[in-house]
Structure formats: structure tokens, C-alpha cells
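A.B. asks: Right, I'll just put the structure down here and ask away after.
The values are calculated or read from the model by the stated rules, or taken from the named source; none is laboratory data. Please read these numbers as outputs of a predicted model, since none were measured by experiment. Here the Cβ is made from the backbone with ideal geometry for all residues, glycine too, and neighbour counts use every protein chain on show. Please note that ligands, DNA and RNA were not included when accessible areas were found on the heavy atoms of the full protein model with its side chains. Shrake-Rupley method; radii C 1.70, N 1.55, O 1.52, S 1.80 Å.
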Amino acid sequence: MSRTGTRPRVLIVGAGLAGTATAIRLLCFARRPLEIVLLERRSDYRSAGVAYHRDGNPWDYVFNIQAGRMSVFREDVLDFVRWANHEADRSGWPEPWAGLRFVEQGPAPRRIFQDYLSDRLAEARREALPGVVLVEAEGEAVDLEVRPTGVDVTIEQSSGRGGEADRSPEVTVLRADQVVLATGLELREPVFASEVRTHASFVRNPYSAAGIRKLVSLPSESTVAIVGSVLSAYDSAGLLLRQGHTGRIHLISRTGTMFRTYPGGHEHGVLRLPCPKTLLEPYRNREEFLVRIRAEWDTACSTVVREHPDVSPVVVAERVVKAWEPHLPEAIERIPTAELRGLLDEFGTALAALRVGVLEYTMAVVERALHAADGAVRLVVGKVEAVRPAESGRLAVSVASPQEEHTIEADLVVSNFGRESDYSRVDRPLWRNLLRRGIAEPHARTGRGLEVDGRGVLLGPGGVAGPVSAVGALREGDEIVRNGRTGAFTFNLAAIKNHSIAVAAHVIEQLEVEEDVSARIAERSSARTSEWTSVGSPARSTAGSTAGRTAESVAGRRGGVGNLEEAARGEFEDAVVLEARRLASRGRIERNLLDSRLDACIRSMGERPAAAVDAARYDRLMRAVVNRAAVERLTDVSVTPRQLRRQLGMATAEEQEE
């Protein structure tokens, strides 16, 4: 993994969905030589992560959303379905999947997503420009140290020598110009299970190979307690029921929230509804605020039912939540931090249930067992206080509810207690070191995820501490307060798609700006170098930020493009569409053609400086402005992917008619 020549290096920590998606975008976006290192500590998680790896996802586990929404490319909504129908190797698939023709609204097994991501990463690697290379490396990043010339990343790798007892990891330090953290979900340690974490009848991680083995080998008459009633709980319950389980299955939920089943033919959609104005009034107290929310909610739902009769009653709530997202940041600003955290803790599951549903394939078998008079599934509303070994050899689950406190004895307890979103509590070396060094800071307003700026760059207590960005679950709190994306939307595939686009584009921009500035510095005499540096600051990083501020100032005209738009509105829009299409293109030849057209378009815009050097600099800065506008276009959640394709002129004839 040694750096060669002057080729810059980007290190992505984590090769699950978020890391792989970002690597794909970097391979497609890069226009100059670049080395992309995709680091993963677990080989079985590569191109999969915890959610999709084969060992933890039996064939009965399907996506929580329709197959047509599983494309890794937001601008190509049916890519996954096409791959599953025409490219996937089905030689080892069981029925009914082996002979199934996948459709947009239908189910698909989660375990095949690993093959899909691997294929799309390989495609991006083949179609990358010469000099743009991908290195897939194994190891765990345990520390980062920001230097004037980059970031030193300490990586531990299994040595593979000696016996298990004396095996110790090899430690290497890798220098990177940019680092992207895509470490995925962190497991929360359930306090209630402190006495049984290693007990044979306790499943801490239901998406592990060991957890799956315990579920599938369990005698059918056994009593099972599943802590939680969220989407992962349905996977465990459904797996048991499909293999003929007859014993009682207790779904234990603090709130009693059950997710709705998507209707047949359900499609993603975004409605424009009036702003819920009373939510923008000053925050007084929780009770009064909840009264206002309920009133606005009832009004919005009634509006959807009345003005959009084509919307299924089952997804009215989903449409309202999406329509409110642009207005929520302003409402959230008015809520004190302690109150905001309390609201999120109390209503987090309910918000997720409003925002997403479950496919009938998963939910139908659970609902039948839940509602039948002699059904195997029982919903238990209450808080799990403790899980302890019982005298019978089983596990005793103590549940406290408003009405009573009771104990359930179970042969197997499955914990779906969720992930740890407070990074001050994550007990991994990387996060302890990043917080200690001031490179990262837990999200102050929500206590969920990390502080980042508008482009996904990590913020420490003193601001940006280095060229380190984040994608995926690490940005949950920021998604809530910046974009109003509450519930499961804060860390699901839709958010990851947008993060991968925006972070990859930002990383490429920073590397290109630094390369351009470094070349300019080299051309100047040492006496004039002071123009680009400040006392006590590294020349390279200050130069990059100076050029970056120049690009920001150009972008600042128009609140996007300003005077330029007034003078050349059509040319700028053409340039943005060309750049968006270039970013969306997966073929090298097409990208090169679009790149040439974009250069010509930029040279024709406005009044360029007469001097060749200044004109070239102007073109580079304008390209950065156009790129940012194109990224905004590609990540605009106020339009559906199909609407986006039509806007960019990428829609097929069939899509144009829809």
C-alpha cells in the first residue's frame, strides 16, 4: 500500500455499503491520477457490512424496501433490478429466488446485495481513467494523526503467524491525503443483559453467523423473547415462523410500535405540502409542542387524503413526513438541546415507523401469527429491566410496563436493542483516539453521530481538524438538524447514496485545488510564497483553503452563481446538467465526451480574463462552482429519482411517458 510518485491517496475506512458506494463514486469522478484504498477489518463484511453480509442474512431476509429502490445509484433507480434479472450469477440460489423475475415493487433477498455491490465496484474500477486505481486492503484503522502533508493512519492487521494464543496484530502507518470514515453501525451494549452477554441462550447480534445458527437450530416448540419490535425483530420472528416454529415468540417493545406493511405496487413519492407554520413558533414546553404537532399533523394528513386521492391510506404518513423535512430544521432550532434529545429518545421508533414500512413478504407471516387467536407471536409492551439466568436453566426477562411488572422465561433471548449512536460511548480504539485528538466530536444537539460541516467533513471542538470526512450512520445527528431527516431515513440507503456523491465530489475538489495551488507555489519564488501562507500554518493546507475560499466566493454570487446566472443563465444551467450527467455516467468514454463538452461550455460562459493564466484559473474555479451545483442537483431529495432523470435528460422514452 505504498504511495507511488505524486499520485494522491484517499483512504476509505470501512468497505460496507457506505464505503463501497463512496469508492465507486471516487472511481467515476476522478479526472486525474488517484489511489483509492478501501480498508475493511472483516473480509466477510466487504461490499456488505452488517446489513447485507451473507453469513448473517439467510435467504428469507429481504430488503425492508422494494427491490426497485436498492440501486446504489440514485440517478438510476432500476439498476439493481436489472442486475438481479440479467447479470447476477444464480447458480447457487434456492427457489423461489433462482427462478424469480424481480420487479420494482417486489422483494429481493438481502444477501445478494453483496454480489451486486462487488460487481458495481469492479465495473467502476474497469471504467476509471488511466492512473485511477483501487486497492482493497484488510485491517482495522485504530488511530489518525493529522500532519501538515496529510493524515497518518495507524492500521492493525492480523499477522497470521504463530498460534492463536500468541498471535498479535501487525501495526502499519499509512499516509493519506484524504480520509473518509465509513465505519457503519456500532453495537450498543445493553445494560439489561450484563449478566448474560456470553450466555449460550442469548443472541446479542442477530445478524451474525452465530446468531443465525442459534435461530435455525432452535427446537420448534421453544419459547423465544425478542427485545424490540423494529424491523430487525421481524426478520428474526419471520425466520422462525417460516421454518415451522410453534412455540411462543414474545416481541417486547417499550412503545408497542408496529411498522405498517407497504401496499402492493407502492412507489416512492414526494409531495409538496404547506409549511406547518405553528411548529416555527417559540418552544414553550413538551406538552404544548406535542399539541401543536398533532394539530398540524392532522391537517396535513387530511390535505393529502383530500387533494391526493391516489395516495394509499397506508402511506399517507410517509408522504407527510417527507413533505415536512425541508421545514423541520427551522423548527428544531427552536427546541432546547435537552428537550430535543428527550423528544428523539421518546419518539425515535415512532418516527421511524412513520417514515418507513415493511414489505408484505416479511410482515405477512408475522402479522398472521400475531393476530390469530392461537398465534405464536405476542406483542408485549414494556421496558426490559434485566435478563438473568433462571433456575430452570432458561433466561428470565424482567419487563416493566405502566400496568405491571412481570417475567418471561425463554429458551432463547434475541436482542434487537439497536446501535450505539453516542460516540462518546463507543468502545473502539479509533473513536477513542479521534475524540482524544480533537479530530471528531459527538453531535452536541442530538447526541447522535458526529459533528460535520455541510460537506460531511468532521468537526472537532476547534473546527475542522483535518481532511477527514464521514458517510452514513456517523452523520445521523447532522441529518436531523441540517436536513430534517428523522427516523430511519437518517442512516438508510437513501442517505448513504447522497453522502457518497457529496463526499466523493468534495474530496476530488480538494485534491484538485491542492494540486493546482501546489503547482502555482512551485512557480513562485520563495519570497512570494508568503502570499499563500500564514504564520504557523502549513503551506499546503493553507493554500488549499485559500483557493477553496476563492471558489466559495465565486459560488457565493447568486447564492449559487448570482451575477453570472443573470448574465448567462442558460449557459450555466447547461453546464450544471452536463456535469451532473458526467458524475452520473459509469462509462469512461461517455464521461470523457461529457467532460470535453463541459470544458467548452465553461469557456463560453461570461467574460473570461484575457491573460491565459488568469483564464485557466477562472475556468478551474467555475468548474468547482458548476460541480457543487451539479452535486446539489443529484442529491436533491425534493424530487424522485425518476423526476431527476427527466431533469437531466437521462430518461428513456418509457420513463418520459410515466
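A.B. asks: Any residue in region 299-310 that is under 30 Å from Val380 (Cα atoms) and either touching a Lys or Arg at 6+ places or on another chain (Cβ under 9 Å) or modelled with pLDDT of 95 or more (or both)?
C.D. replies: First pass over region 299-310, keeping only residues under 30 Å from Val380 (Cα atoms): 301.
Still in the list and also either touching a Lys or Arg at 6+ places or on another chain (Cβ under 9 Å) or modelled with pLDDT of 95 or more (or both): 301.
For region 299-310, residues under 30 Å from Val380 (Cα atoms) and either touching a Lys or Arg at 6+ places or on another chain (Cβ under 9 Å) or modelled with pLDDT of 95 or more (or both): present.
A.B. asks: Given the structure, is Ala137 under 22 Å from Ala651 (Cα atoms) and among the small types (Gly, Ala, Ser)?
C.D. replies: Working: under 22 Å from Ala651 (Cα atoms): no; among the small types (Gly, Ala, Ser): yes.
The answer is no for Ala137.
A.B. asks: Please note which strands (runs of 3 or more DSSP E) are completely contained in region 368-445 and include at least 2 residues that are under 16 Å from Ile249 (Cβ atoms) and open to solvent by 40 Å² or more (accessible area, probe 1.4 Å).
C.D. replies: Numbers: elements: 377-381, 383-389, 395-400, 405-410, 412-415.
Where strands (runs of 3 or more DSSP E) fall fully within region 368-445 and carry at least 2 residues being under 16 Å from Ile249 (Cβ atoms) and open to solvent by 40 Å² or more (accessible area, probe 1.4 Å), they are 377-381.
A.B. asks: Being surrounded by fewer than 19 Cβ atoms within 10 Å (Cβ to Cβ) and under 24 Å from Glu479 (Cβ atoms) is the requirement here; does Lys322 meet it? Break it down into steps so the answer makes sense when it comes.
C.D. replies: Details: surrounded by fewer than 19 Cβ atoms within 10 Å (Cβ to Cβ): no; under 24 Å from Glu479 (Cβ atoms): yes.
Answer is no for this residue.
A.B. asks: For region 20-27, does any single residue satisfy the condition of being modelled with pLDDT of 95 or more, within 30 Å of Tyr262 (Cα to Cα) and in contact with a Leu (Cβ under 6 Å, 6 or more places away or on another chain)? Before the answer, list the steps.
C.D. replies: The initial filter retains those residues of region 20-27 that are modelled with pLDDT of 95 or more, namely 20-27.
Okay, now just the ones that are also within 30 Å of Tyr262 (Cα to Cα), so 20-22.
Now restrict to residues that are in contact with a Leu (Cβ under 6 Å, 6 or more places away or on another chain): 20.
Yes, region 20-27 contains at least one residue that is modelled with pLDDT of 95 or more, within 30 Å of Tyr262 (Cα to Cα) and in contact with a Leu (Cβ under 6 Å, 6 or more places away or on another chain).
A.B. asks: Give all pairs with beta carbons closer than 6 Å in which a residue from region 582-593 that is within 14 Å of Ala504 (Cβ to Cβ) meets a residue that is open to solvent by less than 10 Å² (accessible area, probe 1.4 Å) and modelled with pLDDT under 95; count only pairs at least 6 apart in sequence or on separate chains.
C.D. replies: If the second residue must be open to solvent by less than 10 Å² (accessible area, probe 1.4 Å) and modelled with pLDDT under 95, the pairs left are Ala584/Glu75.
A.B. asks: Just one of Glu607, Glu579, Glu590 is modelled with pLDDT under 90, acidic (Asp, Glu) and either surrounded by 14 or more Cβ atoms within 10 Å (Cβ to Cβ) or not in a helix (DSSP H, G or I) (or both); which is it? Break it down into steps so the answer makes sense when it comes.
C.D. replies: Details: Glu579 fails: modelled with pLDDT under 90; Glu590 fails: modelled with pLDDT under 90.
None of the others qualify; the one that does is Glu607.
A.B. asks: Another one. Do we have Ala30 as touching a Ser or Thr at 6+ places or on another chain (Cβ under 7 Å) and closer than 25 Å to Gly131 by Cα here? Outline the logic, then answer.
C.D. replies: Numbers: touching a Ser or Thr at 6+ places or on another chain (Cβ under 7 Å): no; closer than 25 Å to Gly131 by Cα: yes.
So Ala30 fails the test.
A.B. asks: Would you mind listing the strands (runs of 3 or more DSSP E) fully within region 109-198 where at least 2 residues are closer than 23 Å to Ala473 by Cα, open to solvent by 50 Å² or more (accessible area, probe 1.4 Å) and free of Cβ contacts under 8 Å to residues at least 40 places away in the same chain?
C.D. replies: none
A.B. asks: Taking into account only those residues within region 477-496 that are among the charged types (D, E, K, R) and open to solvent by 20 Å² or more (accessible area, probe 1.4 Å), which is modelled with the lowest pLDDT? I'd like the intermediate steps shown before the answer.
C.D. replies: The first filter runs over region 477-496 and keeps only residues among the charged types (D, E, K, R), leaving 478-479, 482, 485.
Pick out the ones that are also open to solvent by 20 Å² or more (accessible area, probe 1.4 Å) and you get 482, 485.
Values: Arg482: 94, Arg485: 89.
Here the residue is Arg485.
A.B. asks: Quick one: how many residues across region 460-476 are surrounded by fewer than 21 Cβ atoms within 10 Å (Cβ to Cβ) and part of a helix (DSSP H, G or I)?
C.D. replies: 0
A.B. asks: Are any residues in region 325-346 over 20 Å from the mean Cα position of the chain (by Cα) and open to solvent by 60 Å² or more (accessible area, probe 1.4 Å), and if so, which ones?
C.D. replies: Within region 325-346, Glu330, Glu333, Arg334, Pro336, Ala338, Arg341, Asp345, Glu346 meet the criteria.
A.B. asks: Identify the single condition in (1) closer than 19 Å to Thr652 by Cβ; (2) β-branched (Val, Ile, Thr); (3) at pLDDT 95 or above; (4) not in a helix (DSSP H, G or I) that Val72 does not satisfy, given that it satisfies every other one.
C.D. replies: Status for Val72: all satisfied but (1).
A.B. asks: Let me ask another. Under 6 Å between Cβ atoms, which residue pairs at least 6 apart in sequence (or on different chains) link something in region 217-241 that is over 22 Å from Val62 (Cβ atoms) and small (Gly, Ala, Ser) with a partner that is part of a loop (DSSP other than H, G, I, E, B) and open to solvent by 30 Å² or more (accessible area, probe 1.4 Å)?
C.D. replies: Close Cβ pairs satisfying both conditions: Ser220/Gly244; Ser220/Thr246; Ser222/Asp411.
A.B. asks: Return the only residue of Asp115, Asp152 being within 23 Å of Ala182 (Cα to Cα) and in contact with a Leu (Cβ under 8 Å, 6 or more places away or on another chain).
C.D. replies: Details: Asp115 fails: in contact with a Leu (Cβ under 8 Å, 6 or more places away or on another chain).
Selected residue: Asp152, the only one of Asp115, Asp152 that is within 23 Å of Ala182 (Cα to Cα) and in contact with a Leu (Cβ under 8 Å, 6 or more places away or on another chain).
A.B. asks: For a quick check of your reading of the model, give me the residue pairs whose first member lies in region 603-626 and is of a type in the set (Asp, Glu), whose second is assigned to a helix (DSSP H, G or I) and surrounded by 15 or more Cβ atoms within 10 Å (Cβ to Cβ), with beta-carbon atoms closer than 7 Å and at least 6 apart or on different chains.
C.D. replies: Note: pairs meeting the criteria are Asp619/Ile602.
A.B. asks: I'd like the full set of residues that are open to solvent by 90 Å² or more (accessible area, probe 1.4 Å) and either more than 21 Å from Leu343 (Cα to Cα) or not in a helix (DSSP H, G or I) (or both), limited to region 290-310.
C.D. replies: Here is the first cut: in region 290-310, the residues open to solvent by 90 Å² or more (accessible area, probe 1.4 Å) are 294, 298, 305-307, 309-310.
Correct list: Val305, Arg306, Glu307, Pro309, Asp310.
A.B. asks: If you don't mind, another one. Please go through (1) open to solvent by less than 50 Å² (accessible area, probe 1.4 Å); (2) touching a residue at least 40 places away in the same chain (Cβ under 8 Å) for Glu281 and return the number of the only condition it doesn't satisfy.
C.D. replies: Only one criterion is unmet by Glu281, namely (1).
A.B. asks: Just one of (1) in a loop (DSSP other than H, G, I, E, B); (2) touching a Gly at 6+ places or on another chain (Cβ under 8 Å); (3) among the small types (Gly, Ala, Ser) trips up Ala495, so point out which.
C.D. replies: Condition (1) is where Ala495 drops out.
A.B. asks: Also, I was wondering about something else. When the residues of region 410-420 are filtered to those that are modelled with pLDDT of 90 or more and in contact with a helix residue (DSSP H, G or I) (Cβ under 9 Å, 6 or more places away or on another chain), which remaining residue is farthest from Leu231 (Cα to Cα)? Break it down stepwise before answering.
C.D. replies: Quick first cut of region 410-420, residues modelled with pLDDT of 90 or more only: 410-415.
From what's left, in contact with a helix residue (DSSP H, G or I) (Cβ under 9 Å, 6 or more places away or on another chain): 412-415.
Numbers: Leu412: 19, Val413: 17, Val414: 13, Ser415: 12 Å.
So, considering only residues that are modelled with pLDDT of 90 or more and in contact with a helix residue (DSSP H, G or I) (Cβ under 9 Å, 6 or more places away or on another chain), the one farthest from Leu231 (Cα to Cα) is Leu412.
A.B. asks: Considering only region 20-56, state which residues are closer than 25 Å to Val146 by Cα, in contact with a Gly (Cβ under 8 Å, 6 or more places away or on another chain) and open to solvent by less than 10 Å² (accessible area, probe 1.4 Å).
C.D. replies: Once the filter is applied, which keeps residues that are closer than 25 Å to Val146 by Cα, in contact with a Gly (Cβ under 8 Å, 6 or more places away or on another chain) and open to solvent by less than 10 Å² (accessible area, probe 1.4 Å), region 20-56 yields Leu34, Leu38, Leu39.
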